[in-house]
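For reference, the structure discussed in these notes is given below.
The values are calculated or read from the model by the stated rules, or taken from the named source; none is laboratory data. Here the structure is a predicted model, which is why all the values come from computation and not from measurement. For neighbour counting, all protein chains shown are included, and Cβ atoms are generated from backbone atoms with ideal geometry for every residue, glycine included.
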Amino acid sequence: MTARSPRTRMDDLTVEKVLRVVEAIPRGRVAAYGEVGAIVGVGPRLVGRIMRTWGSSVPWWRVTNASGDHPLLARALHHWQEEGITVKPNGRGCRMTEFGANLEQLQADAAPSLAELEEEDVPSS
């Protein structure tokens, strides 16, 4: 019998963590689903599901796939233009090398907000 890794649930705490990391992505920058997930400790598909369901309240246009392609590019374009993010020649998204967020900085910027959530989640004695 092989050991299975525990499945991450889409609970309120996980949802809030993902949304707070997305809020920390700076203007004019993007991060991939997997990069956001790595900071939170979940996979890219779960980040995508969370963004699809609850992402309208955060800068959703700053989250792309690993290639910089955006599934809602037509809707994101207005935001990208305002923030100076340009579309790559294939017309599907942006260049991650040019517009990708500095992940160490993103993690540092999101850390206080994530720590606050962890403090709220600790049951009182």
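All conditions in (1) hydrophobic (A, V, I, L, M, F, W, C); (2) touching a strand residue (DSSP E or B) at 6+ places or on another chain (Cβ under 7 Å); (3) free of Cβ contacts under 8 Å to residues at least 24 places away in the same chain hold for TRP80, with the sole exception of (2).
Residue-level check: of (1) within 23 Å of MET10 (Cβ to Cβ); (2) charged (D, E, K, R); (3) surrounded by fewer than 17 Cβ atoms within 10 Å (Cβ to Cβ); (4) in contact with a Lys or Arg (Cβ under 9 Å, 6 or more places away or on another chain), ARG62 misses just (3).
When residues in segment 94-125 are screened for being surrounded by 14 or more Cβ atoms within 10 Å (Cβ to Cβ), over 23 Å from VAL15 (Cα atoms) and either modelled with pLDDT under 95 or not basic (Lys, Arg) (or both), 3 of them pass. There is at least one residue in segment 70-91 that is surrounded by 20 or more Cβ atoms within 10 Å (Cβ to Cβ), touching a helix residue (DSSP H, G or I) at 6+ places or on another chain (Cβ under 7 Å), under 29 Å from LEU117 (Cα atoms) and not acidic (Asp, Glu).
The single condition among (1) under 15 Å from the mean Cα position of the chain (by Cα); (2) more than 27 Å from ASP12 (Cβ to Cβ); (3) not in a helix (DSSP H, G or I) that GLY91 does not satisfy is (1). For segment 25-43, the tally of residues that are of a type outside the set (D, E, K, R) and buried (at least 17 other Cβ atoms within 10 Å of the Cβ) stands at 11.
Just so you know, in segment 44-57 the residues that are buried (at least 19 other Cβ atoms within 10 Å of the Cβ) and among the hydrophobic types (A, V, I, L, M, F, W, C) include one that is farthest from VAL21 (Cα to Cα), and it is LEU46. A count restricted to segment 1-35 and to residues that are in contact with a helix residue (DSSP H, G or I) (Cβ under 7 Å, 6 or more places away or on another chain), modelled with pLDDT of 95 or more and part of a loop (DSSP other than H, G, I, E, B) stands at 4.
Applying the condition of being within 24 Å of LYS88 (Cα to Cα) and aromatic (Phe, Trp, Tyr) to segment 26-67 and asking which residue is farthest from the chain's Cα centre (by Cα) yields TRP61.
If we scan segment 23-40, do we find a residue that is touching a residue at least 12 places away in the same chain (Cβ under 8 Å), touching a strand residue (DSSP E or B) at 6+ places or on another chain (Cβ under 8 Å), among the aromatic types (Phe, Trp, Tyr) and under 17 Å from ALA101 (Cβ atoms)? So far as segment 23-40 goes, yes, one or more of its residues are touching a residue at least 12 places away in the same chain (Cβ under 8 Å), touching a strand residue (DSSP E or B) at 6+ places or on another chain (Cβ under 8 Å), among the aromatic types (Phe, Trp, Tyr) and under 17 Å from ALA101 (Cβ atoms).
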